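The values are calculated or read from the model by the stated rules, or taken from the named source; none is laboratory data. Nothing here was measured: the structure is a model prediction, and the numbers come from that model. No Cβ is skipped: glycine too gets one built from the backbone with ideal geometry, and neighbour counts run over all protein chains shown.
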Amino acid sequence: MNTAERVVDILDLLASAGGPSGISDISRQLKIGKNNIFRILSALEDKGWVHQDLDTRRYSLTGAVAEVAFRALAQLDIQRVSLPYLRELQSVTGETSALHIKVELQRMCISCVPSSNSIRHMVEVGAGSPLWYGSGGKAILAFMPEDEIKAVLDIFAGSGVSELASGQTVTVKWLLEQLDLIRNQGFALAAGERFAGACGVSAPIFNHTQNVIGCISVSGPEARFGREKALDYSGLIVEKARHISSIMGAKTETEPDNVEAKAYSAGPQPVRY
């Protein structure tokens, strides 16, 4: 382990310790010699990143570290971060990939890499859409706070809409069942919900506060990109969403053996009405 790695490990430990830590505690947890710990902490103290309590001789982080973190977060651009992953998804699947962000109680597509096929599903950049249908909308809705989910379902209930583009009946009960399923498996799959003949699969993106901020999706004509093929690519899409979330500061769990069965846990528990 080099010095840079030790510095990062020490800062990470102090950030998650829940209180000041002594050199012996840090040395025991990180399995690094006390002399090395002391030298690193002294250097960090000189930079103003850590503070030593003169009575307890224990160390804690200062506000200077938070300032650096906030500056880093301000530089993160989800559109720029996501674009390489969207291009990869389009290349692998041959279908249209897109980035959607949560805007209050709607979603908006802000980036799209269209399929190269002459017949393809087009996603309109800049257009707002309800969250209660389509794989992208439901991938976001499923992980929103409970009060926001209720607000969206109230909007749906008052909309007078009773069926999807394919003619399938849609109810609040059906939507709640869908949201439970999405939370359990970590992705949303939809066919013929917004547009008849179109199928899509989406996975949520989270930020440093573990709040859902959007999703990435792949969609195409149902005749070529049906439910079975969409399901085949669901694991890949969850993986790319996980990478984007990590860059945006989200803490993700270790990837499970079957990523299609469950992505990563974040967001609310199932909502009941």
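Just name the residue that is surrounded by the most Cβ atoms within 10 Å (Cβ to Cβ) out of those in segment 118-147 that are within 18 Å of the chain's Cα centre (by Cα) and outside any loop (DSSP other than H, G, I, E, B). Per the criteria, the residue is 139. How do the pairs read when you match residues in segment 33-47 that are in the same structural domain as residue 8 (by TED's automatic domain parsing) with residues anywhere that are surrounded by fewer than 13 Cβ atoms within 10 Å (Cβ to Cβ) and not hydrophobic (A, V, I, L, M, F, W, C), using Cβ under 7 Å and keeping only pairs 6 or more apart or on different chains? Correct list of pairs: 34/24. All told, residue 33 meets the bar of being of a type outside the set (Asp, Glu), loosely packed, with under 14 Cβ neighbours inside 10 Å and over 28 Å from residue 209 (Cβ atoms).
Kindly evaluate residue 92 against the criterion of being surrounded by fewer than 17 Cβ atoms within 10 Å (Cβ to Cβ), modelled with pLDDT under 95 and not aromatic (Phe, Trp, Tyr). In short, no.
Condition check for residue 165 on (1) outside any loop (DSSP other than H, G, I, E, B); (2) modelled with pLDDT under 85: one failure, at (1).
All of (1) surrounded by 22 or more Cβ atoms within 10 Å (Cβ to Cβ); (2) at pLDDT 95 or above hold for residue 239 with one exception: (1). Could you say whether any residue in segment 120-129 is at pLDDT 85 or above and on the phi < 0 side of the Ramachandran plot? The answer is yes; a qualifying residue exists. Tell me whether segment 179-197 contains one or more residues that are within 21 Å of residue 132 (Cβ to Cβ) and without any contact (Cβ under 8 Å) to a residue 12 or more places away in the chain. Scanning segment 179-197 turns up at least one residue that is within 21 Å of residue 132 (Cβ to Cβ) and without any contact (Cβ under 8 Å) to a residue 12 or more places away in the chain. Where the second residue is assigned to a helix (DSSP H, G or I) and the first is under 19 Å from residue 89 (Cα atoms) and lies in segment 109-137, which pairs have Cβ atoms under 6 Å and are six or more apart or on separate chains? Going by the 6 Å Cβ cut-off, the qualifying pairs are 110/79; 111/79; 113/86; 113/87; 113/90.
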